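Novice: I am attaching a structure below and will ask some questions about it afterwards.
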Amino acid sequence: MQRDVMNYDVLIVGAGPAGLAAAIRLKQLAAAAGKELSVCVLEKGAQVGAHILSGAVIDPIAINELLPDWRARGAPIVTAVSDDQFLLLSETGHFHIPHALVPPLMRNDGYYIVSLGKLCAWLGEQAEALGVEIYPGFAAAEVLYGDDGSVRGIVTGDMGVAKDGTPKAGYAPGMELHAKYTLIAEGARGSLAKQLRARYALGEGREVPKFGLGFKELWRVEPARHQPGKVIHTLGWPLDDRTGGGGFLYHLEGNRVAVGYVVHLDYANPYLSPFDEFQRFKTHPALRDVFSNGERLSYGARAITEGGLQSIPKLSFPGGALIGCSAGFVNLPRIKGSHNAMKTGMLAAEAAFQAICVEGRHGDELSAYATAVAVSWVYKDLDAARNVKSALSRWGLRGGMLYAGVELWLRRFGGRLPWTLRHGKADHESLAPAGSRQPINYPKPDGVVSFDRLSSVYLAGLSHDEDQPVHLKLARPELAIEHNLKIYDAPEQRYCPAGVYEIIRPTNERPRLQINAANCVHCKACDIKDPLQNITWVTPEGGSGPNYVEM
């Protein structure tokens with residue numbers, strides 16, 4: 001197929017914190033050196049920030065480095081943390097851990113509660129003011145390789161393709177975007193990053209990647225129940241001791257509250273529904289009153305990288321690099337990754353600038369990027385917390401917390417345990433057969449604090465043309481019934497937070513799996529958790545999916 005071709009010095013896939021920080025840093029370096037450098041950012045969401053979902057309490061260390069005058073520029077970072085609480089929940093009560101006992105790494109002093117979608121929209125404006133070309137609504141669908149095997153760019157997805165694969169009226173083929181270096185900043189479980197990891201064996205010698213599934217709702221609450229800057233993190237109920245996860249409640253400005261929950265995707269019980277655990281969480285006596293007479297404004301869900309330092313893959317490949325959550329730079333116990341995403345984007349930008357504008361190179365490996373990460377504060381941040389995820393997986397909530405507390409406090413006083421714990425199994429290998437577990441009877445949603453999937457998905461701002469190819473691909477469709485239903489009672493019905501997967505049982509016919517692709521919130525849980533890795537998430541038509549800018 002003949003496609004239009006556009007050429008750039010650096011192409012960045014994804015307009016999240018990592019991608020936008022990389023774009024801004026590239027232009028800053030070029031301006032300082034008096035060089036011309038063309039930079040393009042592709043974003044599959046309908047607008048910058050549309051697919052960004054995070055709590056989010058941010059550590060401002062990276063934005064302080066990138067744009068020291070962010071306050072004067074009007075960055076949407078206004079609500080400083082004023083009250084930082086950590087609760088252990090039982091079914092009916094809670095224990096408030098004294099702030100002095102919380103390891104300093106897990107405290108939020110000096111941090112800010114933000115909408116990361118709004119922050120990315122603002123970062124996009126800063127990037128465009130520097131001359132970066134940003135194209136929202138264009139999905140990077142395919143990697144382009146040169147004759148030497150290096151990455152030379154990407155192909156955007158075709159527009160106007162019918163569900164049966166035929167062109168519709170207004171069909172437009174995707175474009176080829178060529179670049180001297182391509183930086184992949186797709187976020188957790190990115191579709192291109194997944195391909196690149198396999199092609200270049202980027203995970204060889206590393207631990208398996210680990211993930212959680214995070215939920216978030218934005219509420220407007222009564223002024224009397226609102227405390228700007230208040231931050232609550234929780235562990236414990238509604239999950240049992242062997243299932244990892246926890247919740248948060250953040251009071252933003254404007255009588256708005258963000259409430260969320262994360263379930264680690266290495267859980268064993270196939271009857272567990274992360275969505276329903278989130279809905280139960282909000283009904284806890286320590287939280288419920290906040291929502292009294294409030295209004296739920298929006299809902300979303302997204303996979304989160306949790307593997308930490310030992311799961312970081314090889315960062316560079318011929319012609320490009322992985323940055324931000326595409327590589328997995330989230331610090332799990334801190335529940336933060338934006339600062340590390342931005343810094344790794346900046347470090348990759350510096351390596352690319354040096355290669356192109358100083359050394360006249362292109363298409364090779366940016367090995368200086370990995371070297372820079374290894375001596376940066378990003379590495380120190382992740383190294384201090386490297387064993388927390390493994391400890392929780394091995395010893396459950398109580399044992400894992402005890403181990404993590406000892407190690408984090410030891411690190412506070414300059415010590416470091418000499419070992420790094422292994423993760424072991426991948427998340428998709430962790431499910432137990434349905435016959436070995438008891439079904440979970442979740443309470444019916446009350447429509448006041450707890451809700452069903454479909455009413456929640458409505459608040460995600462979804463936009464999918466239903467007459468487009470299904471973007472959830474089954475390598476062997478028969479396995480959904482012959483394996484997943486037979487052994488695990490079709491867990492995709494429960495781990496999906498949007499009701500995409502549904503077992504249909506026609507009278508006198510075999511059960512079949514129905515995929516409601518238009519419900520998809522692009523969380524990637526199915527790509528991660530499917531027991532046989534039979535489901536592959538690929539990009540739908542550009543501009544499709546949720547709209548999380550206000551979240």
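Novice: Please identify the pairs in which a residue from the range 128-145 that is at positive phi has its Cβ atom under 7 Å from the Cβ atom of a residue that is outside any loop (DSSP other than H, G, I, E, B), counting only partners at least 6 apart or on another chain.
Specialist: So the pair list comes out as GLY131/LYS27.
Novice: Please go through the range 29-85 and pick out each residue that is of a type in the set (Val, Ile, Thr), under 21 Å from the mean Cα position of the chain (by Cα) and assigned to a loop (DSSP other than H, G, I, E, B).
Specialist: Restricting attention to the range 29-85, the residues satisfying the condition of being of a type in the set (Val, Ile, Thr) are 39, 41, 48, 52, 57-58, 61, 63, 77-79, 81.
If we keep only those that are under 21 Å from the mean Cα position of the chain (by Cα) too, we end up with 41, 48, 52, 57-58, 61, 63, 77.
Result: VAL48, ILE52, ILE77.
Novice: Here's a follow-up. Kindly evaluate GLU222 against the criterion of being within 30 Å of ILE77 (Cα to Cα) and touching a residue at least 40 places away in the same chain (Cβ under 8 Å). Can you show your working first?
Specialist: On the way: within 30 Å of ILE77 (Cα to Cα): yes; touching a residue at least 40 places away in the same chain (Cβ under 8 Å): yes.
Here the answer is yes, as GLU222 does meet what is asked.
Novice: Residue by residue through the range 444-479, note down the ones that are touching a helix residue (DSSP H, G or I) at 6+ places or on another chain (Cβ under 7 Å) and open to solvent by 70 Å² or more (accessible area, probe 1.4 Å).
Specialist: If the condition is that a residue be touching a helix residue (DSSP H, G or I) at 6+ places or on another chain (Cβ under 7 Å) and open to solvent by 70 Å² or more (accessible area, probe 1.4 Å), then GLU466 is the only one that fits.
Novice: All but one of (1) open to solvent by less than 20 Å² (accessible area, probe 1.4 Å); (2) of a type in the set (A, V, I, L, M, F, W, C); (3) over 20 Å from the mean Cα position of the chain (by Cα) hold for VAL263; which doesn't?
Specialist: (3)
Novice: For the condition open to solvent by less than 10 Å² (accessible area, probe 1.4 Å), at pLDDT 95 or above and over 15 Å from the mean Cα position of the chain (by Cα), what is the one hit in ILE535, ILE515, ILE528? Step through it out loud before you land on a result.
Specialist: Working: ILE515 fails: open to solvent by less than 10 Å² (accessible area, probe 1.4 Å); ILE528 fails: over 15 Å from the mean Cα position of the chain (by Cα).
It is ILE535.
Novice: Listed residues LEU309, LEU322, LEU332, LEU347; which is over 23 Å from GLY405 (Cα atoms), open to solvent by 10 Å² or more (accessible area, probe 1.4 Å) and of a type in the set (A, V, I, L, M)? Before the answer, list the steps.
Specialist: Working: LEU309 fails: over 23 Å from GLY405 (Cα atoms); LEU322 fails: open to solvent by 10 Å² or more (accessible area, probe 1.4 Å); LEU332 fails: over 23 Å from GLY405 (Cα atoms).
Just a single option satisfies the conditions, and that option is LEU347.
Novice: Suppose we filter the range 357-371 for residues that are surrounded by fewer than 23 Cβ atoms within 10 Å (Cβ to Cβ), part of a helix (DSSP H, G or I) and either more than 28 Å from the chain's Cα centre (by Cα) or not β-branched (Val, Ile, Thr) (or both); how many remain? Give the derivation first.
Specialist: So the first thing to find is which residues in the range 357-371 are surrounded by fewer than 23 Cβ atoms within 10 Å (Cβ to Cβ), and the list is 357-365, 367-368, 370-371.
Now restrict to residues that are part of a helix (DSSP H, G or I): 357-358, 367-368, 370-371.
Within this subset, residues satisfying the condition of being either more than 28 Å from the chain's Cα centre (by Cα) or not β-branched (Val, Ile, Thr) (or both) are 357-358, 367-368, 370.
Number of matching residues: 5.
Novice: Something else: Please determine, by comparing only the residues of the range 194-212 that are in a loop (DSSP other than H, G, I, E, B) and within 25 Å of TYR267 (Cβ to Cβ), which one is most open to solvent (accessible area, probe 1.4 Å).
Specialist: Narrowing the range 194-212 to residues in a loop (DSSP other than H, G, I, E, B): 200-210.
Then drop every residue that is not within 25 Å of TYR267 (Cβ to Cβ), which leaves 203, 206-210.
On the way: GLY203: 26, ARG206: 105, GLU207: 28, VAL208: 46, PRO209: 43, LYS210: 9 Å².
The extreme case among them is ARG206.
Novice: Out of all the residues in the range 1-33, which are under 14 Å from GLN354 (Cα atoms) and either among the charged types (D, E, K, R) or surrounded by fewer than 19 Cβ atoms within 10 Å (Cβ to Cβ) (or both)? Full working, then the answer.
Specialist: Of all residues in the range 1-33, those under 14 Å from GLN354 (Cα atoms) come to 9-10, 22, 25-33.
The answer is ASP9, ARG25, LYS27, GLN28, ALA31, ALA32, ALA33.
Novice: Can you go through ILE503, ILE487 and tell me which one is more than 23 Å from ALA46 (Cβ to Cβ) and open to solvent by 40 Å² or more (accessible area, probe 1.4 Å)? Write out each step before concluding.
Specialist: Details: ILE503 fails: open to solvent by 40 Å² or more (accessible area, probe 1.4 Å).
Answer to the selection: ILE487.
Novice: Right, another one. Hey, could you check the range 34-92 for residues that are touching a Ser or Thr at 6+ places or on another chain (Cβ under 8 Å) and buried (at least 22 other Cβ atoms within 10 Å of the Cβ) and say which is nearest to LEU20 (Cα to Cα)?
Specialist: This residue is LEU42.
Novice: Taking the range 163-184 as the search range and keeping residues that are open to solvent by 10 Å² or more (accessible area, probe 1.4 Å) and in a loop (DSSP other than H, G, I, E, B), which one is farthest from HIS471 (Cα to Cα)? Please lay out each step first, then the result.
Specialist: Going through the range 163-184, the residues open to solvent by 10 Å² or more (accessible area, probe 1.4 Å) turn out to be 163-173, 175-176, 178-180.
With the extra rule that they be in a loop (DSSP other than H, G, I, E, B), the set shrinks to 163-166, 173, 175.
Details: LYS163: 10, ASP164: 12, GLY165: 12, THR166: 15, PRO173: 17, MET175: 19 Å.
Applying the filter and picking the extreme gives MET175.
Novice: Let me ask something additional. In the range 400-421, how many residues are surrounded by 13 or more Cβ atoms within 10 Å (Cβ to Cβ), hydrophobic (A, V, I, L, M, F, W, C) and not in a helix (DSSP H, G or I)?
Specialist: 2
Novice: May I pose another question? Going through the range 451-502 one residue at a time, which ones are aliphatic (A, V, I, L, M) and within 23 Å of the chain's Cα centre (by Cα)? Can you show your working first?
Specialist: Our first condition is that a residue be aliphatic (A, V, I, L, M); within the range 451-502, this holds for 454, 457, 459-460, 462, 470, 472, 474-475, 479-481, 485, 487, 490, 498, 500.
Listed by number, the residues that qualify are LEU454, VAL457, LEU459, ALA460, LEU462, VAL470, LEU472, LEU474, ALA498, VAL500.
The values are calculated or read from the model by the stated rules, or taken from the named source; none is laboratory data. Predicted model only: the values in this text are computed from it and were never measured. Reconstructed Cβ throughout: ideal geometry from the backbone, glycine too, with neighbour counts over all protein chains shown. These accessible areas exclude ligands, DNA and RNA; they are computed on the full protein's heavy atoms, side chains included. Shrake-Rupley method; radii C 1.70, N 1.55, O 1.52, S 1.80 Å.
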